[in-house]
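Everything below concerns the one structure shown next.
Taken together, the values in this text are just the output of simple stated rules run on the coordinates, not laboratory data. Everything numeric here is computed off the predicted structure, so don't read it as measured data. Counting neighbours? That spans all protein chains shown, and the Cβs are built from the backbone with ideal geometry, glycine included.
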Amino acid sequence: MPDFILCVVIILLGLFILTVVGYTLHAGLFTDVTVQTGCPPIKKVTFAYKFKDGLYKNCGELFKEALCVGPELSCIGVFYDDPQKVCEPCRYAAGSILSEGENEVNEELLRRYKASGFNVFSLPQVTHVVTTSFPQKTFFSNLLRVRRVYPRLEHYIKVCSGL
């Protein structure tokens, strides 16, 4: 009987380890982080946003609020400070994209966002940007992004700009 229990424990431990490994792989642990310059992935953008000071980890609240007003819209965030170089609080804005390119803003959506306390701003179209991508599949993806993507972006920008 003790051998049977030991076998069950070993099998369960093996399954647990496989689950953890699978989860981290799915979250992007070994995803290649490629940084490049070129045309932007989005054109001129008009977006509804709210601005906050505080920890970047709390920005999810603004994204959730924006999604409650316009659940069918894509979200966007603008993070102004490097938290490793700026003492708290960091500044950020988060919200929803109301229109892209030459598309007109839906007036009903605009009214709903303004009624919910969002501001509206248009980012002009640019011709050259630094971009990268990383999967957003799990909560762990956010932690990996902070540790893997941001340092690569910072290094790329420093090398290309000669800083």
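Say a paramagnetic label sat at a point 7 Å from the Cα of Phe79, along Cα to Cβ; which residues of segment 49-70 have their backbone N under 17 Å from it?
Label zone hits: 50-64.
Considering only Ile97, Ile76, Ile11, give the residue with the highest GNM mean-square fluctuation for the chain, with springs between Cα atoms whenever their separation is below 10 Å.
Of Ile97, Ile76, Ile11, the Gaussian network model singles out Ile11 as fluctuating most.
Please give the net charge around Pro124, taking every other residue with its beta carbon less than 10 angstrom from that of Pro124, where Lys and Arg add +1 and Asp and Glu add -1.
Charge balance in the 10 Å sphere: +2.
Give me the net charge of Asp53's neighbourhood, meaning all other residues with Cβ under 11 Å from the Cβ of Asp53; Lys, Arg count +1, Asp, Glu -1.
0
With springs only between Cα atoms under 10 Å, which of Gly101, Gly22, Gly60 fluctuates most in a Gaussian network model of the chain?
In this elastic network of the chain, the residue with the biggest mean-square fluctuation among Gly101, Gly22, Gly60 is Gly22.
Take the Cβ-Cβ distance between Thr19 and Glu61 as r, set R0 to 35 Å, and report the resulting FRET efficiency rounded to the nearest 0.05.
Computed FRET efficiency for Thr19 and Glu61: 0.70.
Taking 0.36 nm per residue of sequence separation and subtracting the Cα-Cα distance, how much length would be gained by fully extending the chain between Phe30 and Ile10, in nm to one decimal?
Numbers: separation 20, 0.36 × 20 = 7.20 nm, distance 2.70 nm.
Once the chain is fully extended between Phe30 and Ile10, it gains 4.5 nm.
May I ask you to compute the full-extension gain from Val129 to His155, defined as 0.36 nm times their residue separation minus their alpha-carbon distance, rounded to one decimal in nm?
7.9 nm
Enumerate the calculated ³J(HN,Hα) couplings along segment 85-97 in order (Karplus 6.51 cos²θ - 1.76 cosθ + 1.60, θ = phi - 60°), each rounded to whole Hz, writing x wherever the residue is Gly or Pro.
Going residue by residue, I get 10, 10, 5, 4, x, 7, 10, 7, 10, 9, x, 10, 7 Hz, with x marking Gly and Pro.
When the helices in the chain are scored as -39500 (n - 2.57) per DSSP H run of 4 or longer and the sum is shared across all residues, what 222 nm value do you end up with, to the nearest 500 deg cm²/dmol?
-12000 deg cm²/dmol
Can you give the local net charge around Thr31? Use residues other than it whose beta-carbon is closer than 13 angstrom to its beta-carbon, Lys and Arg +1, Asp and Glu -1.
Surrounding charge for Thr31 is +4.
Report, in whole Å, the centroid distance computed from the Cα atoms of segment 108-163 and segment 17-32.
Computed from Cα coordinates, the inter-centre distance equals 24 Å.
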